[in-house]
Amino acid sequence: MRLLIMGPQGVGKGTQAALLATHYDIPAISTGDIFRYNIKNKTELGLKALSYTDKGELVPDELTNTIVKDRLAMDDTKNGWILDGYPRNASQVEALDQMLEELGTPLDAVVALEASRDILLERMKKRAEEQGRSDDTPEVIAKRLETYEKETAPLLDIYRDRGLLISVNGVGEIDAISNEIIAKLDATVKAS
């Protein structure tokens, strides 16, 4: 199964991606984790990424697309994958479409997690306190949510029009949310 998990920052994408990865025995690939790993280890990529993320800006598409393409071509993705944090804009949708065509691996579904802005702000404030993430300051959080609304939320319409979108409320018990996603995915993928 090849999935995208989408939604604003703080909605629980990473948590749900990990649970789905275990359930379907496929890797969860987080572009944010890839960048944070490189930032932590002060790699060339990490230093480039840090110059953007510290200002609340997204890492440029060209850099992100290259990382995703390389990751999707790895051996552990043969039976599928979950992409978390990609695509974030229309240009990245086009790049992903091209990658999947080249790899001969069509997308099965797009899971969109939803929550109100107030809940997202509270979750990210708590996450910043617990994890000490430099990219979770109030100013950066507000900018990231605005960027999501402007650039990423419209992508949901693209996937809705393609018949791939599954929307799920991202507020509630983690296991209940996960079970709802799995039930909808299994029904959708079996029907296609």
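Evaluating 6.51 cos²θ - 1.76 cosθ + 1.60 at θ = phi - 60° for every residue in the range 7-14, the Karplus couplings come out as x, x, 4, x, 7, x, 4, x Hz, glycine and proline recorded as x.
From Cα pairs below 8 angstrom and at least 6 apart in sequence, can you work out the relative contact order of the chain, rounded to a whole percent? Don't skip to the answer; put the middle values down first.
Details: 242 pairs, mean separation 62.5, N = 192.
After rounding, I find 33 percent.
What Kirkwood hydrodynamic radius, in Å, does the range 2-191 give when the mean of 1/r is taken over all pairs of distinct Cα atoms and then inverted? With all distinct Cα pairs of the range 2-191 included, I get 17.0 Å. Near the amide H of ILE29, within less than 5 Å, lie the amide hydrogens of ILE82, LEU83, ASP84, all on another chain or at least 5 residues away, with H placed in the peptide plane. Distant-in-sequence amide contacts of ALA112, defined by a placed amide H-H separation under 5 Å and a gap of 5 or more residues or a different chain, comprise MET6, ILE166, SER167, VAL168.
Pairs with C-alpha atoms separated by more than 18 Å, drawn from the list LYS150/LYS184; LYS55/LYS143; LYS69/LYS143, are LYS150/LYS184; LYS69/LYS143.
The numbers here are math on the coordinates, done by the rules we state, and not lab data. Owing to the predicted nature of the structure, the values given are computational and were not obtained by experimental measurement.
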